[in-house]
Every structure is written in structure tokens, then in C-alpha cells.
Amino acid sequence: MSKLETAGYTVGKVAELSGVTIRTLHHYDEVGLLSPRGRSAAGYRIYEDSDLERLQRILFYRELGFTLDEISTIVDDPHTDALGHLRRQRKLLTGRIDRLSAMVDAIDYEMEARTMDIPLTPEERLEVFGEFRPEDYAEEAEQRWGDTDSYMESQRRVSSYNKEDWQQLKAEEEEIRACLAAALDAGLAPDSEEAMAAAEAHRQHISRWFYECTFEIQRGLTQMYVSDERFRSNYDTKTPGLADFIRQAALANASQFS
């Protein structure tokens, strides 16, 4: 409820503005938690600005789970002024946000683990993947390839990988990418021996860790590296043009065996 500036509010008006029922306001009055201090010209009891400010505090502490007795003690503390209440409320809210955030993280981790079937703790995931979130692509991957043998084989394999497995996998992937980037930076052609060897290492890497990656599958993957902006950015950020270089190297490598 936002702070109200005009004095002289009936119980019905306060109920309408605050979202609190008239019955609840009457109860607060009965227990001495919030009693209207004003009187209308006709002698009816009305709420003044100070009453509404007190109601704001009451509703805030109630939202945080305090009992009415506890709230009464808090709001009647003679050593706490309006600024003091704001500071206390901020501290309580910050603590609650931290607890809720931790709960959300725990739920997210459980959802991610069930989606990707990656049995790693949050700390291990951060250590292995950094800011990259495999689960961001999980739903799309399932929609694209969920009914394929390759997808099911990949899911079966990754479900058994521990932190050391993922670290080895990532290290190998980074080494292959570094070889491709070095070939590109050196001005080598995609069909050079070095570039094709790195493309073949890329294909074998996928076969070793995820599923049997045929030349046809690799062609589709590397085409996606170019056509999908997320993948292109992933490869091109550090080495501009790397995504297309991988694609061309993979095509050149496949042509040797066709």
C-alpha cells in the first residue's frame, strides 16, 4: 500500500485502498493494534495519515510472518522511528530475498539436473561450465532430436559423467578449438592438413563423449554453428570467423572419405 497523503478516511475507504477487509480492521481496533484517532464532523471515527502509516508497517510485518503480538511490540517500540522501521524492514526483506533466492537456486538446480541428467553440484557446474548453461539448450535439443537414437545415447552417457569427466571433456574440446583457431589465425585453408585433422578430432570428440557422430551429422552440426547466432557467437567471439572455418574444414575432411 502506497503512502496516503489526505487525512480523514473511513474504515471502508481504508479497506478499499489497503486491500484489508473491514472485519480485519475492526479486529485490529479491538486488540489495540490500530485504532482510528480522528473524528469526523458527524462524530464518526476516521483514520488519519499517521494511522495509515502504522497500518503500512503492520501489513509489512504481517507479510513477513510476524504474529499480531510481535507486530504490536515492534511498531510500539519507542526507540524506533519511521526511518528505523524502514531500515529494519529493508534488513528483513534482504534476508528474505536471500533465503528465497537460495530456494530458487536449489529448485533450478534440481530442474536442470532432471532435464540434462547432469549429476553435478552447483559449485561443480560453475567450475566446469562457467557462465555457459547447458540446460538453456536442453528443451530445444529435445524438440529437435528427442526421438533420435543419437539424442537418447547422449542422454544416457552424460548421466554417468562426474566432475572429472566433464573437466576432461571440456579440456579436449578447448584443445580442438584452439587447433582450429590457430589454423585460421595462421591463414591456413580449411582443406589444409592441419584444419582437416582438427575437424576430424572434433568429430571423434563428439563420438567419444556423446554419440556416434557421422560425417553427415557433423555437417549438420557445423552448419548450425554458422546459422544459429548463439553458436556463431560462441565460436566467433574470441576468433572471428571460426564458426564458418570449422564448417568448411568439416566439409573438406568429409570429402576425403566420400
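The values are calculated or read from the model by the stated rules, or taken from the named source; none is laboratory data. Predicted, not measured: the structure shown is a model, and the values here were computed from it. Reconstructed Cβ throughout: ideal geometry from the backbone, glycine too, with neighbour counts over all protein chains shown.
Observations on the model:
- Scanning segment 203-219 for residues that are more than 15 Å from residue 249 (Cβ to Cβ) and either in contact with a strand residue (DSSP E or B) (Cβ under 6 Å, 6 or more places away or on another chain) or part of a helix (DSSP H, G or I) (or both) returns 207, 208, 209, 216, 217.
- Failed item, numbered, when residue 216 is tested on (1) at pLDDT 85 or above; (2) surrounded by fewer than 11 Cβ atoms within 10 Å (Cβ to Cβ); (3) under 30 Å from the mean Cα position of the chain (by Cα): (3)
- Residue 80 at pLDDT below 85 and touching an Asp or Glu at 6+ places or on another chain (Cβ under 6 Å): no
- Restricting segment 162-198 to residues that are part of a loop (DSSP other than H, G, I, E, B) and out of contact with any Pro (no Cβ under 8 Å at 6 or more places or on another chain), the residue that is nearest to residue 256 (Cα to Cα): 191
- Residue list for segment 240-252, filter: without any contact (Cβ under 8 Å) to a residue 60 or more places away in the chain and in contact with an Asp or Glu (Cβ under 8 Å, 6 or more places away or on another chain): 243, 248
Matching residues to (1) in contact (Cβ under 8 Å) with a residue 40 or more places away in the chain; (2) under 17 Å from residue 15 (Cα atoms); (3) touching a strand residue (DSSP E or B) at 6+ places or on another chain (Cβ under 7 Å); (4) not acidic (Asp, Glu):
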| residue | (1), (2), (3), (4) |
| --- | --- |
| 37 | no, yes, no, yes |
| 49 | yes, yes, no, no |
| 54 | no, yes, no, yes |
| 58 | no, yes, no, yes |
| 62 | no, yes, no, yes |
| 66 | no, no, no, yes |
| 71 | no, no, no, yes |
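- Among the residues of segment 1-45, the ones that are in a loop (DSSP other than H, G, I, E, B), small (Gly, Ala, Ser) and either modelled with pLDDT of 85 or more or over 20 Å from residue 63 (Cα atoms) (or both) come to 9 in all.
- Screening the candidates 236, 185, 191 for the property of being surrounded by fewer than 18 Cβ atoms within 10 Å (Cβ to Cβ), within 29 Å of the chain's Cα centre (by Cα) and either aromatic (Phe, Trp, Tyr) or assigned by TED's automatic domain parsing to the domain that holds residue 149 (or both) yields one hit, 236.
- When segment 78-98 is filtered for residues that are among the charged types (D, E, K, R) and assigned to a helix (DSSP H, G or I), the ones remaining, listed by number, are 87, 88, 90, 91, 96, 98.
- Residue-level analysis places residue 57 among those that are modelled with pLDDT of 85 or more and either among the basic types (Lys, Arg) or on the phi > 0 side of the Ramachandran plot (or both).
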